[in-house]
Amino acid sequence: MNPLSELNTMLTDALGPLGPLIAVGMLGLLLILLALPIVMKRQRDRFRELKDTSQPAANTNDKKRALRRNERMDKLERFAQFLEPQKKDELSAAKLKMLRAGYTSKNAVRMFHAMQFLLGIAFLILGLIYALIKSVTGDLTTNSMLVYSLLPCAIGYYIPRYWVDKRLEQRQTEIIQGFPDALDLMLVCVEAGQSLDQSLIRVGKESRAGYPALADEFDMVAQEVKAGKERTTVLKDMAERVGVPDVASFVTTLVQSATFGTSVADALRVYSADMRDKRVMRAEEKANMLPTKLTLGTMLFTVPPLLVILIGPSVYGIATMLGNMRPGG
């Protein structure tokens, strides 16, 4: 007799119909527990230790806060090779996507993949528990068992990706909606005599209440310019970080104005008028799409009741007449 068949029969007799699945799950859990100490073992970083000893903190409180911050970061740095793409292009694309979604921390990519892993494992465990309960209450086929186990795992794995994509879309929509008003305010500030840097700070402050995402971007540009970074580079980084075509065109306009020495106020005046026209065109486009979207609802909720009202009496009259025409009716 085949040894695998004997093992399968033994597990089925000992643990029930799901004996092979339980054995495989316990074996996988055992392998994970055996691999965790090796993975979590942190190698000593001599250069970091030398840096810490050569540049001590200014006081004890700052040192404690820095240690706590480093400990929180180190919890994910241990698994950096598992939680981050190893190719530089993929890592850059993942960081850019997290920046566009509003997650600016250095370990945002690690947190994203860690949440995917944790939610996938948690939903897998819940699916296995549900499958075990289902198998106790009634018969459960192998296909149903796999569906109950793997489908929640896939859902848990894709929940963080859906959340990031939804947040990215909402943030870009907010920036697109608030950008024409921000340009108008910037034009007013420039014409009032303020410099471009001062107008960026003012726009970021005034846009905070209605469009916080746009205010964050303007504040980041102002802070980077204050830090000594070249304004052209900062604006190009903003366009790449936001990922909105309107912002990219605005940055191109400012860069060309600075390159050729033209008036910034004139460039802002022309571009702000163009942005207002684009906003009106987007509103008109949505208004023109509304009748098409309402067609399906009209057909589902208006036509059937209308047919019942118009044809119902005739159908009832015909049915009554046919009943009277029958022999003995």
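Kirkwood hydrodynamic radius for the stretch 203-306: how many Å is it when counted over pairs of different Cα atoms?
16.8
So if each residue of separation counts as 0.36 nm, and I subtract the Cα-Cα distance between SER5 and ARG167, what length gain in nm does that give?
53.2 nm
Arrange the peptides 248-254, 120-126, 225-231 so that the one whose residues have, on average, the most other Cβ atoms within 10 Å appears first.
Most protected by this proxy first, the peptides run 248-254, 120-126, 225-231.
Please give the length that would be gained between GLU230 and ILE129 if that part of the chain were fully extended, namely 0.36 nm times their separation in residues minus their C-alpha to C-alpha distance (nm, one decimal).
30.6 nm
In nm, what is the difference between 0.36 nm times the number of residues separating TYR316 and THR104 and their Cα-Cα distance?
Value of the extension gain: 69.4 nm.
Would you calculate the convex hull of the Cα atoms in the stretch 148-193 and tell me its volume per residue in Å³?
47
Using the number of other C-beta atoms within 10 angstrom as an exposure proxy, rank MET98, MET26 with the fewest first.
MET26, MET98
Quick one: what are the phi-derived ³J(HN,Hα) couplings along the stretch 220-228, Karplus 6.51/-1.76/1.60 with θ = phi - 60°, whole Hz, x for glycine and proline?
Here the 3J(HN,Hα) series is 5, 5, 5, 5, 5, 5, 4, 6, x Hz.
When Lys and Arg each count +1 and Asp and Glu each count -1, what net charge do the other residues less than 13 Å away from THR173, Cβ to Cβ, add up to?
Spelling it out: positives minus negatives among the neighbours equals +3.
Every number in this text was worked out from the coordinates using simple rules, so none of it is lab data. As the structure is a prediction and not an experimental result, all values here were calculated from the model. Glycine also receives a Cβ, built like all others from the backbone with ideal geometry; neighbour counts cover every protein chain displayed.
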